[in-house]
Amino acid sequence: MDDITELAKRLGKAISESGEATNLRAAREEMNRHDEINQILKDYHSQADKIDKLEQEKKPVEVEDKQKLKELHEKLIASEVFKKFTAAQVEYIDLMRRVNETLQKQLAEIEKET
């Protein structure tokens with residue numbers, strides 16, 4: 001069991017030191033230096049939550065609410081900082097997906113044997 005735990009530590013360290021993780025940390029740091037982008041992102045999430053809540057409650061969603069969400073979205077995707085952050089997130093998530101798939105394939109072989 002200690003060997004497995006040690007392997008898990010080494011895997012975690014390798015993932016943490018990967019280019020994908022390094023890029024994500026750098027992109028997150030860059031995002032954190034841009035208060036305006038963070039505020040737009042916060043406002044976007046608040047507006048999206050408001051619309052989701054209205055839809056769940058089967059209440060009408062006003063055109064102004066949809067327009068505000070669209071405007072916030074357009075501001076976000078126009079930001080190079082946000083684009084870099086989003087791209088770094090996608091790359092990191094893809095890495096984690098590939099790692100998970102590899103682990104699952106190995107475990108599936110074990111499950112077939114039992």
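The values are calculated or read from the model by the stated rules, or taken from the named source; none is laboratory data. Predicted model only: the values in this text are computed from it and were never measured. All Cβ positions, even for glycine, are placed from backbone atoms using ideal geometry, and neighbour counts span all protein chains on display.
Assorted remarks:
- The set of residues in the range 55-76 that are in contact with a Leu (Cβ under 9 Å, 6 or more places away or on another chain) and without any contact (Cβ under 8 Å) to a residue 12 or more places away in the chain comprises P60, V61, E62.
- Residues (outside the structural domain of Q89 (by TED's automatic domain parsing), of a type in the set (V, I, T) and closer than 18 Å to I93 by Cβ) located in the range 20-63: none
- Residue list for the range 72-98, filter: exposed (fewer than 14 other Cβ atoms within 10 Å of the Cβ) and within 24 Å of R33 (Cβ to Cβ): E74, I77, A78, E80, K83, A87, V90, I93
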